[in-house]
1. Condition first: of a type in the set (Phe, Trp, Tyr) and either open to solvent by 50 Å² or more (accessible area, probe 1.4 Å) or not in a loop (DSSP other than H, G, I, E, B) (or both). Can you find one or more residues in the range 199-209 that meet it?
2. How many residues, within the range 2-29, are open to solvent by 40 Å² or more (accessible area, probe 1.4 Å) and either part of a strand (DSSP E or B) or not assigned by TED's automatic domain parsing to the domain that holds Leu56 (or both)?
3. Within the range 75-106, can you find the residues that are within 14 Å of Glu304 (Cα to Cα) and either open to solvent by 30 Å² or more (accessible area, probe 1.4 Å) or not assigned by TED's automatic domain parsing to the domain that holds Lys32 (or both)?
4. Counting only residues that are away from ligand 2 (no atom under 13 Å from the Cβ), part of a helix (DSSP H, G or I) and open to solvent by 10 Å² or more (accessible area, probe 1.4 Å), how many does the range 30-45 have?
5. Looking at Met216, Met194, can you tell me which residue is surrounded by fewer than 20 Cβ atoms within 10 Å (Cβ to Cβ) and either at positive phi or of a type in the set (A, V, I, L, M) (or both)?
6. Please give the number of the condition Lys229 fails out of (1) of a type in the set (Lys, Arg); (2) more than 24 Å from the chain's Cα centre (by Cα); (3) not assigned by TED's automatic domain parsing to the domain that holds Leu273.
7. Could you list, in sequence order, all residues of the range 121-179 that are in contact (Cβ under 8 Å) with a residue 24 or more places away in the chain, among the basic types (Lys, Arg) and away from ligand 2 (no atom under 14 Å from the Cβ)?
8. Residues in the range 149-164: is at least one more than 27 Å from Ser30 (Cβ to Cβ), open to solvent by 60 Å² or more (accessible area, probe 1.4 Å) and assigned by TED's automatic domain parsing to the domain that holds Pro100?
Amino acid sequence: MARILTGIQSTGVPHLGNLLGAIIPTIEMSRKESNKMFAFIADMHSLTSIKDGNTLRENTYSVAATWLAFGVDIEKNVFYRQSDIPEVSELSWYLSCFMPYTRLQLAHSFKDKSEKLSDVNSGLFNYPVLMAADILLYDAEIVPVGKDQKQHLEYTRDLVDRINHQYRQEILIKPEISLNDKTMYVPGVDGQKMSKSYGNTINIFESDKKLRKSIMGIKTDNLGLEEPKNPDTCNVFRIYSLIGSEDQKNELDENYRKGNFGYGHAKQSLYELICEKYGNERELYNELMSNKTKLDEKLNFGAEKARKTAKETINRVRSVIGY
Ligand code: ADP
Ligand code: TRP
C-alpha cells in the first residue's frame, strides 16, 4: 500500500477552485484500494500569514469540515491537524540544522515576498523546512503537489540525501514527487484564476442567496438576450463544464449557440447545478461547522493515529543524531 501525504493550509473557507482543483481529486485518490493517505491541515504554516487566533481556528475548522463533507474516509486514512503533533516542530529543528541557509534564500515562498524584507518573518523563511518535516515525519512515499510546490519537495529530497549520507544509514525515507500538471484551472468571477488573493472566489457553503449573488456577478460580455453566444469564451460556461456531466454541458452549449438564451439564464443554470450537485455536501458542511465538538472528535481521532507514526520516526531520528 503506497503511503501518500498531502497538506492543505488553513487560510480561508475553501472556494470552488480549491474544491475542484485540489480537494475533490485528492479525496478520489485516497479512495483507491492501494493507497493510504495522510492528509493534514497545515495550520502551523498558516501562522506565517494569519495572526488572529479566532480566524486561524475558524479556518482550520472550515477546511476540516470541507474534507469531511466531501467524504474523506477517516478510518482508512489519517486526517489530522498539523499543530496537534508537536513532534513536527522537533523534526523541523533537526532538519534546519542540515538545510543550507543559501538554499533557503532561493525558495520561492520566501523570494516572492522578499522585496519587502521587513514583512518577512523567519517562519516564512523556514517554511520549506517545516514542510519537509511534515513529509518525513510520516515516512511518506508519494507527495502529490501542484507545480508551485515542486521546489519544496526537491528541498525535502535533498535533506534526506544529506542526512542519510551523514549518518550512513537510511533514517529518512525519500519521497517521490507526484506532479499533478493536469489539475484544472478554475476561473474566478472576473475571469482570472480563482484565488483568495484576487477576491474573485465562489464559496459554495454560503447561503443560497449569497451563492446566487456571487454567481450572478460572474463577468460576461454584453451580447443581447436574442443573440447567439460563444460558450468557449464565457466564464459561466467554463465553470459549468467543470462541474456538469457531458450531457448537461452539451445542452448548455446548444443553448448558447442557438440564441434567445441570456447570460442570466446561464448563470441560473450554473447556480442550480451547484445546488443540485453539492447539496448534500453544503448541508453536511454547515452541520459540522455548527458542531465544533464533533469536528474536534474527528480531528483528535486522526491525531491519535498520526502521533503513533510520528513518535516512531522521532525516536529513530533522536537516537541516530546522538540524543
Ligand atoms: P488560493 O489561491 O485561493 O490562496 P491556495 O494557494 O491555498 O489557494 O490553493 C490550495 C489548493 O487549491 C492548491 O492545491 C491549488 O493548486 C488549488 N487551487 C487554488 N485555486 C485554484 C484554481 N483557481 N483552480 C484550480 N485549483 C486551484
Ligand atoms: N505548502 C503547501 C501549500 O501551500 C501546504 C503543505 C504544507 C504541504 N505541508 C505540506 C503540502 C506537506 C504537501 C506536503 O499548498
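1. Here is the first cut: in the range 199-209, the ones of a type in the set (Phe, Trp, Tyr) are 205.
Next, only the ones that are either open to solvent by 50 Å² or more (accessible area, probe 1.4 Å) or not in a loop (DSSP other than H, G, I, E, B) (or both) stay: none.
So far as the range 199-209 goes, no, none of its residues is of a type in the set (Phe, Trp, Tyr) and either open to solvent by 50 Å² or more (accessible area, probe 1.4 Å) or not in a loop (DSSP other than H, G, I, E, B) (or both).
2. Result for the range 2-29: 3.
3. Glu75, Lys76, Arg81, Ser83, Asp84, Pro86
4. First, the residues of the range 30-45 that are away from ligand 2 (no atom under 13 Å from the Cβ): 30-36.
With the extra rule that they be part of a helix (DSSP H, G or I), the set shrinks to 30-31.
The next check asks that each one be open to solvent by 10 Å² or more (accessible area, probe 1.4 Å); those that pass are 31.
Looking only at that region, the number is 1.
5. Details: Met194 fails: surrounded by fewer than 20 Cβ atoms within 10 Å (Cβ to Cβ).
Within the list Met216, Met194, the selection yields Met216.
6. Result: Lys229 fails condition (3) only.
7. Within the range 121-179, just Arg162 meets the criteria.
8. To start, the set of residues in the range 149-164 that are more than 27 Å from Ser30 (Cβ to Cβ) comprises 158, 161-164.
Those left that are additionally open to solvent by 60 Å² or more (accessible area, probe 1.4 Å): 161-162.
Now narrow it down to the ones that are assigned by TED's automatic domain parsing to the domain that holds Pro100: 161-162.
Taking every residue of the range 149-164 in turn, at least one turns out to be more than 27 Å from Ser30 (Cβ to Cβ), open to solvent by 60 Å² or more (accessible area, probe 1.4 Å) and assigned by TED's automatic domain parsing to the domain that holds Pro100.
The values are calculated or read from the model by the stated rules, or taken from the named source; none is laboratory data. In this text, all values refer to a predicted model and were calculated from it rather than measured experimentally. Methodologically, a virtual Cβ is constructed for each residue, glycine included, from the backbone with ideal geometry; neighbour enumeration extends over all protein chains shown. For accessibility, only protein heavy atoms count, side chains too; no ligands or nucleic acids. Shrake-Rupley method; radii C 1.70, N 1.55, O 1.52, S 1.80 Å.
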